[in-house]
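See below for the structure under consideration.
The values are calculated or read from the model by the stated rules, or taken from the named source; none is laboratory data. Note that the structure is a prediction, hence the values are computed from the model and not measured. Cβ coordinates were reconstructed from backbone atoms using ideal geometry, including for glycine residues, and neighbour counts include every protein chain displayed. Only protein heavy atoms, including side chains, enter the accessible area calculation; ligands, DNA and RNA are left aside. Shrake-Rupley method; radii C 1.70, N 1.55, O 1.52, S 1.80 Å.
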Amino acid sequence: MDRLIKSIDVLRSSRNASLSSDSKVKKKDPAVVSKELISACHSVEESLLLSTVKHSPDYNKNFSLAVEVLFTVCDDTNADVRLAAEQCLNSVFRNLLIEGSATRVHVELYRELKRNGPSRSLRAALQRFGELSSLIRPTKSRLFAVHLVSCVGAIARRPEEAVQEELGKSSDKFWPILGRFFSDDESKQIIKSLLPNLDLQSAVGRRTASTVMVNVCKHSRKPRLFTQYLFRALLDTLVPIHSDQSMSQVLGSLLTMRQLWPLIQDHADHAERDEVKLTDKGSAIRLNPHTDTTIPVEQMLQLFEVLLHHLCNASSPVVAGALEALSQLLAALPKELCKALTNKDGVGEESRIYGQRFFGGTLDKSGRSSNIGFSSSRSGMSSLKGSFSDLSSFGTSELGQMSEPASLFDDRPPSASDGTVMQSETSSEADNPTDCAVTDSSASPYTALDFGTDGDDDNQSESVSEADGVDGQGAAAVVLDPLRNLSLFGLDDPVDPLRIDLDAPSPMMSPVSTAPEFALPSAIGSLTDAVPALHYCARLLAAKFLLAGRPGEVLSDQEVRVSHKNLALVCITSLLHIDPTIFTLRLFPSVDEPSQLLSDVLLFLRHDDPQIRAAIASLAATLLTSSFRDNRGTFVDRDCAARLGEVLKKSLGDESAVSLRTSIDAIRSAMESLYSLDSGSCALDIVEQILRLCSNPYWLLKVSIVEFFANLRYEKVRQIELQIQKSDKLQFRCFNSFVTSLLCDSDPRVRDAASNNLPAFVQSMCIGDPETWSYRPLKSEFLCNFVAPSMEKFPPVHNMQFPYGISEDHDVTIESSASFAVNTIFHAFVTEPTGDTLAGCIGGLMSLAEAFPPTVYRTMWSVSAVSMSDGAPIGTLDYLFNLLFASPVTTDVLAYQQTLNLISLIFAGHAHCRRSKSLESETVKKMDKWPLLASPQLATFANDMTLHCI
């Protein structure tokens, strides 16, 4: 105990000396001090682990002091000292966990969190608390939850980005454990303490606040209630749109909305399933027990309109945040919101995001009416004169305040702008000036968007007033439409988007046109038009980020960021999944001149960025799938479908492995529609192209190829081959490439993926009786629904170890395919017994043995009840057993373990088939060992295997 106290004093005194600013104090050499500190840390560790110290009456007090000092040393300036202190802490905590004193560890970690000390010390405590939170006892969880409320609030106010980042990581680990032990008031208090952090200049601080708040909502006692509470709190920070809105606040709110939306979608799905309930008499009644906690569709539409508004923001980070949030929203639309956005009559004739809502305008500070841009385009072009949409950035006009919606709880959640907001020492992307270039429309005809600044709004308003005949008093109140400079060029021969030459050079590199330009305000329409809101959303995305407004031309990378284009394509892909008719929409529906179609986005297949090309492949695959789905298994426009198939085949010739991987994943989701395209020849061509990509060195691409082959319907492939009279059996070539190129790959990650997907590959193959090809999918899809539980066959003996205690009933149609797979794999590693080949083949056989146990699938593994006098039936076992002694398997621990497991499963099949019927038989009486096995050779092998394991 004295040694422990002395070591603690050394660490304390050295720490105080390092913090002392007295110049009279003679300081030691830093190297000597570091050695002393490291020695003292190890001395503290050794003393705490001694049994004599643990039985001391002052152990608890000294233990707390020692842990506190070690955490303090974790903030030392010397990296070696910090590493030694952390290792000592890990050793002490590990010993306590082994002894069953996990509560003591959690208490010490909580004390360090409450102390809220230096950055490194606090991060070390947060990391360990998150890792060990799963060991907190349920009886102690409520106590920790009560005390963590103030700790989380205090840590969230820390300015260091490293502390904020560690808080976000650890909250993902301990909130699923402790979340349900927080009361409603405590959860609400945590959300209120984190909301101001959404206005931080630091992107890390905003991201941490968003992560913690979403974790609170997800793991609380009432997830629906707090999800609605946080949603309304965020919506209050975004609506109404006003001029003094902070960009950091908008970024934080959009980020949190994006992370919160999957919870909203999940709750909406559960509420929809709970609406219908069966009574005792069998009749269905509709009820919704979650009416009070369901987010109204009106508020969801309000969020949708806010996102569209911020798409035209002058700040590039805000635009990116709005695109990410919009892509998340469109990817998981609740049913009620989807109905509202696809309604042919639109979403209404009033804006939902401005101060005083009435059709056609709002009031500025002076009380004059200023048009906010949701003017209808149905009344003709004359009604559009002098009317501009307010889709510009927040800050171009001053709008009235909307009345605050009623809060979910008694008091309204504070917005991110309330209270004192802590600013980070380091700046993030919010500190950078806007990245959207303001271009002159006369200099480049590609200019589709013209953003003004706050300083020149008045000048622009005056020029518009003089040109359009607006009086001078109302000119100052006019809000300029950022889409007012979208130009159309009347072309006599418009380009057909489905006849574009994909091998032609990119149009973005074509010379700049000098045709005259004329402005059409609100040419893409408005959100309040009597058309589905998703149509307006698609036009806005295409006009803002993708298309130049002239048939056959797209916006260049100098005008729109590539990242924005990629996100816009992702949003349009989600829109096409909901409504495939969007693909044929005109970009400017309110003009009579030839207008560009949204299908011109296929031109980006020739873009220089691989992510853009991959997004086009995903778009084409999604469009094929949604068209095939909505038309009940057929294509209305087969020429369009054939062209989309050509786009997918063209994407497989890309030079970028990243683009190829995304294309293959997209094609895998569209294969059902490709089977019906061009009599299936397009699908066969795509499979042929993917076969040639197996030699690509990119491992993630190979993993995608593995998943593609495993999910391919080979009975459909074979039927297509018979229809087009193609003698080449593609499934055998696919399986041979799967084994030789993927299962035996040099990368263990590819081998693992191939082994895990091998059973699915075998189940999808069609080898054997051709009559079973057609009804096998129907059997698994429909027949299983009519089989009563009493008709299932149970194993002969229950609760036995796998693979004995399983039912012997199996699908005989898979036997031929599985036998072919086993023989092919055995042949592969017998002919070429290299290290990678052995490891891959053994892993694949192990996966097959677990999916198709030898005790059930006896023909597949050559397990039968015939006489074993010739020794042939156990030849496989003998070969695998010899691999354990002199082969590359002996140097690979994983392959060695898989070989042992494979031998045990195959041996189980032999033993299950050849077990002795009676111990009184003559054969059994002659056997000295393993009398339960009817075969002497099998008994000898069992004895040798046992001796090897021992």
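For segment 215-254, the solvent-accessible area of protein heavy atoms averages 25 Å² per residue (probe radius 1.4 Å; ligands and nucleic acids excluded). Overall form of segment 121-264: oblate. Here a/c, set by the Cα gyration tensor axes a ≥ b ≥ c, is 1.5 or more, and a/b is not larger than b/c. 3J(HN,Hα) along segment 62-70, derived from phi through the Karplus expression 6.51 cos²θ - 1.76 cosθ + 1.60 where θ = phi - 60°, amounts to 5, 5, 4, 5, 5, 5, 4, 5, 5 Hz, with x in place of Gly and Pro. Taking trypsin sites (Lys or Arg not before Pro) across segment 580-640, the ones in a DSSP loop with at most 16 further Cβ atoms lying within 10 angstrom of their Cβ are ARG632.
For VAL554, the residues whose modelled amide H falls within less than 5 Å of its own, excluding neighbours fewer than 5 places apart on the same chain, are ALA548. Around the amide H of ARG157, modelled in the peptide plane, lies no amide H under 5 Å away from a residue 5 or more places distant or on another chain. For segment 637-680, the list of GluC sites (Glu not before Pro) that fall in a loop by DSSP and count at most 11 other C-beta atoms within 10 angstrom reads GLU655. With Cα atoms defining each centre, segment 198-230 and segment 90-144 are spaced 24 Å apart in the structure. For the residue pairs LYS649/LYS702; LYS702/LYS726; LYS188/LYS218; LYS188/LYS335; LYS218/LYS339, alpha carbon separations beyond 21 Å are given by LYS702/LYS726; LYS188/LYS335; LYS218/LYS339.
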